[in-house]
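One structure below.
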Amino acid sequence: MAISAGGVTVTAEPTVVTTEVSKWFGQKVAVSEVSVSFGPGITGLLGPNGAGKTTLMRLITGLQVPSAGSVSVLGVNPRLDVDVYRRLALVPEEEAVYGSHTAREFITLSAKLSGLKSVSDHVERAIDTVDLADSADRKLEGFSKGMRQRAKVAAALVTDPTVLVLDEPLNGADPVQRAELIALFKDLGERGRTIIVSSHVLSEVERMAGRVVAMVDGRLAAIGTLAEIRSAMTERPRIVTVLSSQPRPLASALTGVDGVVGIGIGDDGLTIQTTNPIELSHALPQISAGDGIGLSRVQPTDESLETVFRYLMEQG
């Protein structure tokens, strides 16, 4: 079962489009009939290890040939038009760096391979963008994994790409580096770049992406904003926590509210399961005012990718 907000899998201004694309390796199907598009801004490609995220990214960037279907990046097939690589860049999950090079040399190599003019200007801009100037002349073999990730991102950004594909880009980064890279990716997305970023860490995707494409077992499982996907999960009740000075009287009053299918009572509040959160949002202030029951907090507790992802895995 796939959830698609409004049934829409195509963005308004697509820069990357896959049409019924599949990839298999012998008897193993890595990606199966995936039709989806990506446009300006950040799209999170979400799924567990083995879901097909990396294979889909390799198909998008032309590193692998589809077994079936087609891929278009900026209007061309990336396998047939090499000029697209001046506007398309990949940060792979693999280390993919030369330890004997300094960061500056590594980024310079990427610039030269891309055929850029004024190489040094592009290199310095990329180094500054990822805040690597203080370490640019150190050898990569002495970098932490998080620092190497920043060097890889700089090498990808050296061409100022329109489409940036990031495969688990925060692996190995410390909390400060993660925050800095997330801020960088969000800024690039806000400036009109198409950013496709994969992760199996739900909180990272939630912090970065306005749109989520979830994959399970090589297939699309859900597409849309987090709120849209959660709203489409109509058969699963929402969970709302309500802190109140009078939890038992509140529970009694809520039993007749349309859509309330379960109530758990704790020391200082309730855990409410509802299939009609709008009706609950109307009922709570009415009950509070009419019965004199104090409410100190009302909070959805399952409006997260964690909940969405568990649901999608169950459906898959």
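Summary table below
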{"quantity": "Length added when fully stretched, D160-A133, from 0.36 nm per residue minus Cα-Cα", "calculated": "7.9 nm"}
{"quantity": "Å² of accessible area per residue within the stretch 85-154, as computed with a 1.4 Å probe and no ligands counted", "calculated": "52"}
{"quantity": "Heavy atoms of K139 accessible to a 1.4 Å probe, total area in Å² rounded to 10", "calculated": "100"}
{"quantity": "Helix 103-113 vs. the chain, principal-axis angle (Cα, 0 to 90°, nearest 10)", "calculated": "70"}
{"quantity": "Distance between modelled label sites at T271 and L109, nm, 7 Å Cα→Cβ extension", "calculated": "5.3"}
{"quantity": "Cα-derived Rg to Rh of the stretch 149-304, Kirkwood definition", "calculated": "1.14"}
{"quantity": "Normalised contact order of the stretch 83-241, rounded percent, pairs of Cα under 8 Å and 6 or more residues apart", "calculated": "23"}
{"quantity": "Nearest-10 value in Å² for the accessible area of R138, using the 1.4 Å probe", "calculated": "110"}
{"quantity": "Relative contact order (%) - the chain, alpha-carbon pairs under 8 angstrom, separation at least six", "calculated": "20"}
{"quantity": "Most mobile listed residue (L166, L74, L46) in the chain, GNM with C-alpha springs under 10 Å", "calculated": "L74"}
{"quantity": "Exposure rank, largest accessible area first [Y98, Y85; 1.4 Å]", "calculated": "Y98, Y85"}
{"quantity": "Mean separation of Cα contacts under 8 Å, 6 or more apart, over the residue count of the stretch 64-139: relative contact order %", "calculated": "26"}
{"quantity": "Solvent-accessible area of H101 with every protein chain in place, 1.4 Å probe, in Å² to the nearest 10", "calculated": "50"}
{"quantity": "Listed residues I239, I127, I278 arranged by accessible area, highest first, probe 1.4 Å", "calculated": "I278, I239, I127"}
{"quantity": "Largest to smallest accessible area among L109, L254, L116 [probe 1.4 Å]", "calculated": "L109, L116, L254"}
{"quantity": "Carbon + sulfur, % of accessible area of the chain - ligands and nucleic acids excluded, 1.4 Å", "calculated": "50"}
{"quantity": "Mean projected area in nm² (Cα convex hull; one quarter of hull surface) for the stretch 44-196", "calculated": "9.3"}
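The values are calculated or read from the model by the stated rules, or taken from the named source; none is laboratory data. Here the structure is a predicted model, which is why all the values come from computation and not from measurement. Don't worry about glycine lacking a Cβ; one is built from the backbone with ideal geometry, like all the others, and counts go over all protein chains shown. What goes into the accessible areas is simple: the full protein's heavy atoms, side chains included, and nothing from ligands, DNA or RNA. Shrake-Rupley method; radii C 1.70, N 1.55, O 1.52, S 1.80 Å.
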